[in-house]
Amino acid sequence: MVAEAYDAEIAKSTRRRGSRLPGHGIAPYLYMAPALVLFGAFLIYPVIQSFFYSLLDWDGLQPGVYVGLDNYAQLFRDPNFWNSLKITLIWVAMSGGILPLTALVLALLVDFGTTSRTLGGIARTVLFIPMTISLVAVGLLFTLFYNPLLGVINNVFLQFGMMTAIDLLGNSSTTLMAIFFVAVWQWSGFGMVIFAAALQGIPSELYDAAKIDGATKWQIIRHVVLPLLVPTYVVILTLNVIGGFKAFDLIYVMTAGGPAQASETTSIFLYKNAFVLHKFGYGSAVSVVLFIIIGIATVVLTRRRFAA
């Protein structure tokens, strides 16, 4: 009886303390309110507003005329839109397939190929520096590098016996890969730093146990390191895929979507229709469709991330 009374008193005391904990009542919602307001103002409201504008024939100056879903019907019949979507999907595929692998290789080379922490830190810093440079500056710099007359790259080709210069940005068959090479140069360091942080989190006991079992460095990487990096890989894959759908600034600076729309992503197609041709209703329809595509990709990749 005494034990039961004691347990009952403890339970009452716990309930009384629990009712006063910060996690109960209205306090958590008050703490979240500023973030929710900002989220609604800068994400939810623009999405709703874009959908509203997509139902109008509007040039941004005169009052818009309601046209219903005509902008969407026109969009799905527009071959330029489908071309831009194809270019975007190619860019996304390259971003998701190449950038995470490049970042992983760099992280492993730095972690297992350097002889000291200081040297590894210097290598990571050097590889991360390109990401800190403005995309506009990088685009202009590599546009000069690719110049068929004055560019460094063509001069190197000529030194190896090529008789004619190659206009990598002016050729529709090479322009997208030439721009993506710049993206790899700039963004691989970002994923490399994330992988490096994940590598630092692997317990040293696992390395010691593998060495005691006689595992070589390659076997340690293959059977110990890589399986533990799968969740990190999925995170970097998700970030690169979402970023690939939004590719705009680097491509626009280097080619503005040319030549002959060979590098015109959906974001550039949206920009030209909305801000060059002043078809804001049509551009808003493009933004809504792109938002839905990115949302679906995000949900799929996020589920895979949690599964990993």
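Some points to look at:
- Within this structure, Leu43 passes the test of being within 23 Å of the chain's Cα centre (by Cα), within 18 Å of Gly295 (Cβ to Cβ) and modelled with pLDDT under 95.
- Residues that are in contact with an Asp or Glu (Cβ under 7 Å, 6 or more places away or on another chain) and surrounded by fewer than 19 Cβ atoms within 10 Å (Cβ to Cβ) do occur in region 140-156, at least one of them.
- Test: Ser50 is within 30 Å of Phe190 (Cβ to Cβ) and either modelled with pLDDT under 95 or part of a helix (DSSP H, G or I) (or both): yes
- Among the residues of region 212-243, those identified as of a type in the set (D, E, K, R) and modelled with pLDDT under 90 are Asp213, Lys217.
Here's the yes/no breakdown for (1) of a type outside the set (Val, Ile, Thr); (2) farther than 16 Å from Val286 by Cβ; (3) modelled with pLDDT of 95 or more:
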| site | (1), (2), (3) |
| --- | --- |
| Trp58 | yes, no, no |
| Phe81 | yes, no, yes |
| Thr88 | no, no, yes |
| Thr102 | no, yes, yes |
| Phe112 | yes, yes, no |
| Phe160 | yes, yes, no |
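- Residue satisfying condition, being of a type outside the set (Ser, Thr, Tyr) and either under 18 Å from Trp187 (Cβ atoms) or surrounded by fewer than 22 Cβ atoms within 10 Å (Cβ to Cβ) (or both), within set Ile251, Ile268: Ile251
- Subset of region 104-119 [under 17 Å from Ala198 (Cα atoms) and either buried (at least 18 other Cβ atoms within 10 Å of the Cβ) or of a type in the set (A, V, I, L, M) (or both)]: Leu104, Val105, Leu106, Ala107, Leu108, Leu109, Val110, Asp111
- Near pairs, Cβ below 7 angstrom, 6+ apart or cross-chain, from region 54-78 (free of Cβ contacts under 8 Å to residues at least 12 places away in the same chain) to any residue that is surrounded by 13 or more Cβ atoms within 10 Å (Cβ to Cβ): Val65/Leu56; Val65/Asp57; Tyr66/Leu55; Tyr66/Leu56
The values are calculated or read from the model by the stated rules, or taken from the named source; none is laboratory data. On a predicted model such as this, the values are computed, not experimentally measured, just so you know. Cβ sites come from the backbone with ideal geometry, for glycine too, and all protein chains shown count toward neighbours.
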